[in-house]
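The values are calculated or read from the model by the stated rules, or taken from the named source; none is laboratory data. All figures in this text were calculated on a predicted structure; none of them were measured in a lab. Quick reminder, even Gly has a Cβ in these numbers, built from the backbone with ideal geometry, and neighbours come from all protein chains shown. Calculation scope for accessible area: heavy atoms of the full protein, side chains included, ligands and nucleic acids excluded. Shrake-Rupley method; radii C 1.70, N 1.55, O 1.52, S 1.80 Å.
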Amino acid sequence: MIFVLQVRGSPALIVTMLVAPVLLLLLVPFPPSSGAQLPNQGQAKDLPIATNGQPFPWDRMRLPKTISPLHYDLTIHPNLTTLDFTGVARIELDVHEDTSIIILHAKQMQISNVLLLAPEGIRPLHVLEYPHFHQLALLSDSVLTKGRKYEVQLEFAANLSDSYHGFYKSSYRTSSGEVRVMASTQFEATFARAAFPCFDEPAFKANFTIRIIREPRHIAISNMPKVKTVELPGGLLEDHFDTTIKMSTYLVAYIVSDFLSVIDKTTHSIPISVYAVPEKINQTAYALDAAVKLLDFYDNYYDIPYQLPKHDLAAIPDFQAGAMENWGLSTYRETGLLFDPDRSSASDKLGITKVIAHELAHQWFGNLVTMEWWNDLWLKEGFAKFMEYISLDISYPELHVDDFFLGKCFDAMEVDSLSSSHPVSTPVENPMQIQEMFDDVSYDKGACILNMLRDFLTPEAFEIGIIQYLKRYSYQNTVSSHLWESLTNVSDVCKPGSTQHCDGSDDELDVRAIMDTWTLQEGFPLVTVEVRGREVRLSQERYLKTDDPSLTEGFLWQIPLTYMTSTSNTIQRFLLKTKTDILYLPEEVDWVKFNVDMSGYYMVHYAGEGWNSIIRLLQHNHTALSGNDRANLIHNVFQLVSIGKVRLDTALELSLYLSRETEIMAVTQGFGELVPLYKLMEKRDMAALENQMKGYIVDLFRGLIDRQEWTDSGSVSERVLRSYLLLFACVRNYAPCVTKATQLFNKWKDSDGTLSLPVDITMAVFVIGARTPEGWDFLFEKYRHSMQMSVKSRMKTAMTVTSLQDKLTWCVHLASYGEVMKTQDLPGVVVSVSKNPHGYKLAWDFLRANWHTLIKKFDLGSSTISHMVTQVTNQYSTREMLDEVRSFFGSLTEETGSEMRCIQQTYETIEDNIRWMDTNLPLLQAWLNKRSHKVAHEDL
Ligand code: BES
Ligand code: ZN
């Protein structure tokens, strides 16, 4: 795959940096991809015509329910030299209605020798192909009758994919420079059909018996343990794997590689192995230990034993997503699994533990109990995201994941506050729409509304409910209401005698009625609270960043409110079901804080004197509230500025208390609200105000930055905070930080990289080092040869933060070419360069010039593509840039992504930025001026 680097007005700017053969390739413009997925509305517009010109007998994207698969016998033979594969699939069918047509999926493969194995004998079947829907029709000249057993057998052949899905090729380089090739699978959501013919929908569960043919120099692994290996004529080997339990096609997996493995056992005697390329096998110990611990945790928590006889975790050198939960064989990016105790950071440890916790949670939520269709993807993704926090909280108390959960709710709210958002459960039909479901709404909002429900029902009732759900629906498929039923049955909340206060009635709690308001309508409520004496007036409306107020009408949620007051830190509860309501406090109070610890998915506006009393509290006694409450207030007040409910001055006044803040979420949320303000200005010509704003933030956190030790000491949160603060300080040129980092970088360079720096400070040190051409080159040399994934990842980031334009161009080139820097890292590099004031134009030009190649490689609608689109453009705040963005995305066709949600999100975000700047720039200027006067005055 070839990417072009076209820099504004000068397509050949980087030419001088390139070696000759690469150069030629780069200058050849390439045609738009023909392999991109075709979005479609689920039903063919005209009568579908098969590839041979005959009518295709099925006109829907979803398969008919007349036939379902019971068992697949698969033999797969990948050839890692010719980079293709052949196979045979024998599928046992269950006929539910008499029919002579079998419709199933197959994508981009040659099909041959298709036979029907009927009780009365073997007959060939006529095959029609309809590539538009990735479908095959197998036509029989006699009727297949209901209740009788049939099998079909198909032979198939295809190339190993050059993308990251289906049965795809991956490669890596050994330290001696040898390139080794392997093959791995990624089938979720709709790519099993690109590896073998199948009924590729999650509700068509079946058993799979898999055989893999390989050369003796490789090994093969799959969902189940190997039962035997048979030698074939010609020296090839055929591994036979045990038959799986009933499962969906998207969970099937197999890998052919030269991996090594390490092994251990859970206390429930399940063997766990971690696989990696031979030279990285010494970085697998942490993952092995974590997987053992977490599988044991889930075994106990769910009260259902892990269902397969083993679990393998494999680190794949080329991997698009973060990880994948294939049953019995979860797969990971190398950075998501490999840990080096001496070189990996506290946040690497947190990340790896969370990813493993996520994929193992799926072994029950998703694999054992599966959503009926992708519209309810959140049932597994929201749950797995949520379980990352539940499992780590108990199994890894020292990681303090609780400190980070609300960050997920902030992320979700960002997309959910746009009119382009969608309900958690959303109808989807075509593969692009299905891909788009893997977003912050399914994952983060899903997790946040589950957390809200757990807090409301009590953790004990919640746990009993989900165990009941898993037991009742094992090996089956579900819709959201099945979960609500299971949770209603166990819940005593609001029943007579319960201590929970609901709405004053003694009605049985209707979990479904509450939760439908969170899953079937998009967005989230803004609750306005006004305290008058003992009376608290409440009202709810949709929080929406838009000019058009009519869009907020018609929304109503059942909101499990929580609050505490200046006179009582006991959590009070109230289920707000109506648009307005009134609460009565036992006495008058100085302040109220709603949404305690942000366990609810809503925003709060404190009307009247509300915000002022909160600002006073934060100024004088901020520890009266928890760190999460403080983070929540910072988030809410700034978000209310965006919709004109609060003046910017008020939010900035509140931010002043941050000079005394030390808790990670409150500090990072402070940065999260303040930094984007100058990031917008960096992309416009307004250096004076930009520098004033930068100065304000540095001042605010100066005390905390000065107190940071340049070591690895402290808790995980302290360590994560330290790397964050030192990186910020160095990037912002805070002199004490820059001096220290420069000294350390020089020492490290003088030692030829052998000096071991404290891990938490390396990011800051590398970023400073990458500022000079020599420093950058040295870092690059070390990057090239490093085998430590987390070190490499920090070096890569540092290389994209430099202000040296030619180096930025080189980075993008390297990641496009995929040799030294893997193409899987290209989206991350482009995004990082786009945040760089010296690189944002390069990133945007690259995205436009390579759009067709990017969507072919990373797939339309994938979160990789959406993330790149939104991140590259979300700091634009001028009408000119909006026009430029509109003109590019407006020129796309349905086939090249014009229907993608991320494009609407991009437009809305830029429009919101423009509005924000128009309204608030003068206020910001005035406030900063006033403050610098005041500070100057105080200094005198
Ligand atoms: N099931 C997903 C993997 C996936 C993502 C498949 C997108 C198809 C499309 C997996 O369980 C997952 O959610 N992975 C996350 C990492 C996780 C720690 C949140 C990912 O890849 O981002
Ligand atoms: Zn997941």
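Observations
- Tally of residues being within 16 Å of ligand 2 (Cβ to nearest atom) and open to solvent by 10 Å² or more (accessible area, probe 1.4 Å) across region 323-335: 2
- Where a residue in region 431-443 is of a type in the set (Phe, Trp, Tyr) and its partner, wherever it lies, is open to solvent by 10 Å² or more (accessible area, probe 1.4 Å) and within 14 Å of ligand 2 (Cβ to nearest atom), with Cβ under 6 Å and at least six apart: Phe438/Ser863; Tyr443/Lys385
- Qualifying residue in region 905-920 (condition: closer than 30 Å to Ile697 by Cα, touching a helix residue (DSSP H, G or I) at 6+ places or on another chain (Cβ under 6 Å), hydroxyl-bearing (Ser, Thr, Tyr) and open to solvent by less than 10 Å² (accessible area, probe 1.4 Å)): yes
Quick grid of which residues meet (1) farther than 26 Å from Ser626 by Cα; (2) of a type outside the set (A, V, I, L, M); (3) crowded, with 21+ Cβ neighbours inside 10 Å; (4) not assigned by the TED database to the domain that holds Arg343:
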site: Leu648; (1), (2), (3), (4): no, no, yes, yes
site: Glu661; (1), (2), (3), (4): no, yes, yes, yes
site: Leu689; (1), (2), (3), (4): yes, no, no, yes
site: Asp699; (1), (2), (3), (4): no, yes, no, yes
site: Asn733; (1), (2), (3), (4): yes, yes, no, yes
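- Test result for Gly366, surrounded by fewer than 23 Cβ atoms within 10 Å (Cβ to Cβ), of a type outside the set (Phe, Trp, Tyr) and near ligand 1 (Cβ under 10 Å from one of its atoms): no
- When every residue of region 397-420 is checked against the conditions, at least one turns out to be assigned to a helix (DSSP H, G or I), surrounded by 24 or more Cβ atoms within 10 Å (Cβ to Cβ) and among the small types (Gly, Ala, Ser).
- Any hit, region 398-410, residues being more than 19 Å from Ile449 (Cβ to Cβ) and within 12 Å of ligand 1 (Cβ to nearest atom): no
- Taking region 275-322 as the range and being within 16 Å of ligand 2 (Cβ to nearest atom) and open to solvent by 20 Å² or more (accessible area, probe 1.4 Å) as the test, the residues that pass are Gln320, Ala321, Gly322.
- Condition check for Leu640: in a helix (DSSP H, G or I), at pLDDT 95 or above and surrounded by fewer than 22 Cβ atoms within 10 Å (Cβ to Cβ): no
- Number of the exception - Ser803 against (1) free of Cβ contacts under 8 Å to residues at least 24 places away in the same chain; (2) of a type in the set (Gly, Ala, Ser); (3) surrounded by fewer than 21 Cβ atoms within 10 Å (Cβ to Cβ): (1)
- Residue selected from region 370-391 under the condition among the small types (Gly, Ala, Ser) and within 15 Å of the chain's Cα centre (by Cα), by the criterion farthest from ligand 1 (Cβ to nearest atom): Gly382
- Met452 in a helix (DSSP H, G or I), in contact with a Phe, Trp or Tyr (Cβ under 8 Å, 6 or more places away or on another chain), of a type in the set (A, V, I, L, M, F, W, C) and open to solvent by less than 20 Å² (accessible area, probe 1.4 Å): yes
- Residue in region 133-152 that is among the aromatic types (Phe, Trp, Tyr), touching a helix residue (DSSP H, G or I) at 6+ places or on another chain (Cβ under 9 Å), at pLDDT 95 or above and closer than 22 Å to Glu188 by Cα present: no
- Selection within region 337-358: residues that are open to solvent by less than 10 Å² (accessible area, probe 1.4 Å) and either within 12 Å of ligand 2 (Cβ to nearest atom) or modelled with pLDDT of 95 or more (or both). The member of this set that is nearest to Phe858 (Cα to Cα) is Leu337.
- Qualifying residue in region 475-486 (condition: within 16 Å of ligand 2 (Cβ to nearest atom) and assigned to a helix (DSSP H, G or I)): no
- Strands (runs of 3 or more DSSP E) completely within region 163-218 that count 3 or more residues being in contact with an Asp or Glu (Cβ under 6 Å, 6 or more places away or on another chain), under 26 Å from Arg784 (Cα atoms) and open to solvent by 10 Å² or more (accessible area, probe 1.4 Å): none
- Assessment of region 532-549 against the conditions (without any contact (Cβ under 8 Å) to a residue 24 or more places away in the chain, assigned to a helix (DSSP H, G or I) and either within 24 Å of Leu418 (Cβ to Cβ) or touching a helix residue (DSSP H, G or I) at 6+ places or on another chain (Cβ under 8 Å) (or both)) yields at least one matching residue.
- Region 545-563, residues that are open to solvent by 10 Å² or more (accessible area, probe 1.4 Å), under 26 Å from Ala513 (Cα atoms) and not small (Gly, Ala, Ser): Leu551, Thr552, Glu553, Phe555, Leu556, Gln558, Pro560, Tyr563
- Any hit, region 624-636, residues being over 31 Å from the mean Cα position of the chain (by Cα) and of a type in the set (Ser, Thr, Tyr): no
- Residues in region 258-295 that are more than 25 Å from the chain's Cα centre (by Cα) and more than 28 Å from Ser786 (Cβ to Cβ): Lys265, Thr266, Thr267, His268, Ser269, Ile270, Pro271.
- Remark: pairs (first residue in region 780-791, in contact (Cβ under 8 Å) with a residue 12 or more places away in the chain; second residue of a type outside the set (A, V, I, L, M) and assigned to a helix (DSSP H, G or I); Cβ separation under 7 Å; 6+ apart in sequence or on different chains) = Tyr783/Lys792; Tyr783/Lys796; Met787/Glu279; Met787/Lys280; Met789/Glu334; Met789/Thr335; Ser790/Thr335; Ser790/Asp348.
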